[in-house]
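Peer 1: Before we start, here is the structure in question, set down as structure tokens.
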Amino acid sequence: MIVQTVTFIVKKEGKELFENKIKQDTTSMLEREACLSSECWYAETKEHCEFTLVSKWQSKQDFQGWLKRPEHLQHHREAHKNKESRPQLVLEKKQKTYFILYTMIFFQPFFQCASV
């Protein structure tokens, strides 16, 4: 299993646009059987907004399959057309893949530690 994160640091004026994008992405991920969970974390400063999309997948190949779906590729092609004429809302993008070594599952009144 893997956990995939992607963080977008966005200008404040891009907040609503990115909220919609992230909502669509989390919904799209959860339509895939191999996606075990998907959520968005949000933080805000005076200067910018930060969206971190966190998803858990059965394998890295499953996540890459989601990335390579035709509608996602088409969206990126369209976003890069006329790039110079659009305002740049994304200040920074960071992506990481984590491999799960251990999982803690809490059941009242005890917890279990499972190896993955």
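The values are calculated or read from the model by the stated rules, or taken from the named source; none is laboratory data. Predicted model only: the values in this text are computed from it and were never measured. Don't worry about glycine lacking a Cβ; one is built from the backbone with ideal geometry, like all the others, and counts go over all protein chains shown.
Peer 1: Which of the residues belonging to region 12-60 are in contact (Cβ under 8 Å) with a residue 40 or more places away in the chain, within 12 Å of L89 (Cβ to Cβ) and over 12 Å from the mean Cα position of the chain (by Cα)?
Peer 2: Passing the criteria: E13, G14, L17, H48, C49.
Peer 1: So is E16 under 20 Å from T103 (Cβ atoms), exposed (fewer than 11 other Cβ atoms within 10 Å of the Cβ) and modelled with pLDDT under 95 or not?
Peer 2: no
Peer 1: Looking at region 31-62, which of the residues that are among the hydroxyl-bearing types (S, T, Y) and part of a strand (DSSP E or B) is surrounded by the most Cβ atoms within 10 Å (Cβ to Cβ)?
Peer 2: S55
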